[in-house]
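The values are calculated or read from the model by the stated rules, or taken from the named source; none is laboratory data. Keep in mind that this is a model prediction, so the values were computed, not measured. Neighbour counts run over all protein chains shown; Cβ positions are idealised from the backbone, glycine included.
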Ligand SMILES: *[C@@H]1O[C@H](CO)[C@@H](O)[C@H](O)[C@H]1NC(C)=O
Ligand SMILES: *[C@@H]1O[C@H](CO)[C@@H](O)[C@H](O)[C@H]1NC(C)=O
């Protein structure tokens, strides 16, 4: 009974984590829609009594993944993270509390806290470690006058897709909804040069094909997708090169040519 009491007390302490010893921030860069590892370590735990808790520190603390009593504890997990998180189970006993996050989206960006406690720690001590996560733009490089594909993916059905050229002031490049292209608001500069891969949209492919690539096409693009499971944005940085030349047009401009 005393042991059970002690255990409850620890769980309570763990939820509050009032005595966390914070380690300096680590920066992690992740790629949109890929997997990402948020690193975290604690003092080795040899007889399986580790506590691990991952939270996202935004306006409110969001519970992402907890682990104690030798198993994942996901009843309080935020719905946005459901099915996307895992720990490296076979390495927890070595003090590895790193979190693997699948299908990274821009909304995941933020400050993550890893609270953990191993066996060698004094009973009320929890370590915590902050990890700042940034999602990188996808870099795409295309050849002047040729064809170019800007990658984008999504999950779900009944998708709404909007492509914008952000760097030129959110120009509308291409839209797709109600299962067809919607080009009434398309910016003139892109007229007749854009298409999606129609036969692959239902499999989660929202990539944009651009033909007859021009110098003004250089810049940052946003792919917005929305389905019943949520709305997401991803960013692509497009550079245009002349065939056989490594420098893009923007590089040449910087070099005063
Ligand atoms: C934890 O284990 C994973 C999988 O082997 C590895 O990729 C990661 O670097 C480890 N992290 C730490 C902090 O040891
Ligand atoms: C979408 O389909 C096109 C054409 O098959 C392919 O080139 C592209 O890589 C696909 N993109 C993604 C993100 O799946």
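Filter the range 146-200 down to residues that are assigned to a strand (DSSP E or B) and more than 25 Å from the chain's Cα centre (by Cα), then give me how many there are. Don't jump to the end; show me each part of the working.
Taking the range 146-200 as the starting set, the residues that turn out to be assigned to a strand (DSSP E or B) are 148-150, 153, 160-165, 171-177, 180-181, 194-196.
The next check asks that each one be more than 25 Å from the chain's Cα centre (by Cα); those that pass are 180-181, 194-195.
So the count comes out to 4.
Scanning the range 67-83 for residues that are crowded, with 18+ Cβ neighbours inside 10 Å and either touching a residue at least 60 places away in the same chain (Cβ under 8 Å) or not in a strand (DSSP E or B) (or both) yields a count of 2.
The selection criterion, being surrounded by fewer than 13 Cβ atoms within 10 Å (Cβ to Cβ) and either within 16 Å of ligand 1 (Cβ to nearest atom) or at pLDDT 75 or above (or both), holds for residue 58. The condition (being under 19 Å from residue 231 (Cβ atoms), in contact with a strand residue (DSSP E or B) (Cβ under 8 Å, 6 or more places away or on another chain) and modelled with pLDDT of 95 or more) is satisfied by just one residue among 196, 171, 183: 196.
Return the residue satisfying two criteria in turn: it lies in the range 201-221 and is within 23 Å of the chain's Cα centre (by Cα) and in a strand (DSSP E or B), and of such residues it is farthest from ligand 1 (Cβ to nearest atom). Only one residue fits best here, namely 219. Restricting attention to the range 97-119 and to residues that are in a strand (DSSP E or B) and at pLDDT 90 or above, the residue that is nearest to residue 26 (Cα to Cα) turns out to be 99. For the range 149-180, give me the residue count where each residue is buried (at least 16 other Cβ atoms within 10 Å of the Cβ) and free of Cβ contacts under 8 Å to residues at least 40 places away in the same chain. Of the residues in that region, 5 qualify. Restrict the check to the range 151-159 and report whether at least one residue is more than 16 Å from ligand 2 (Cβ to nearest atom) and in contact with a helix residue (DSSP H, G or I) (Cβ under 9 Å, 6 or more places away or on another chain). No, the range 151-159 contains no residue that is more than 16 Å from ligand 2 (Cβ to nearest atom) and in contact with a helix residue (DSSP H, G or I) (Cβ under 9 Å, 6 or more places away or on another chain).
Only one entry in 165, 188 is out of contact with any strand residue (DSSP E or B) (no Cβ under 7 Å at 6 or more places or on another chain) and away from ligand 1 (no atom under 16 Å from the Cβ), namely 188. Inside the range 200-228, residues that are at pLDDT below 95, within 13 Å of ligand 2 (Cβ to nearest atom) and surrounded by fewer than 16 Cβ atoms within 10 Å (Cβ to Cβ) make up a count of 2.
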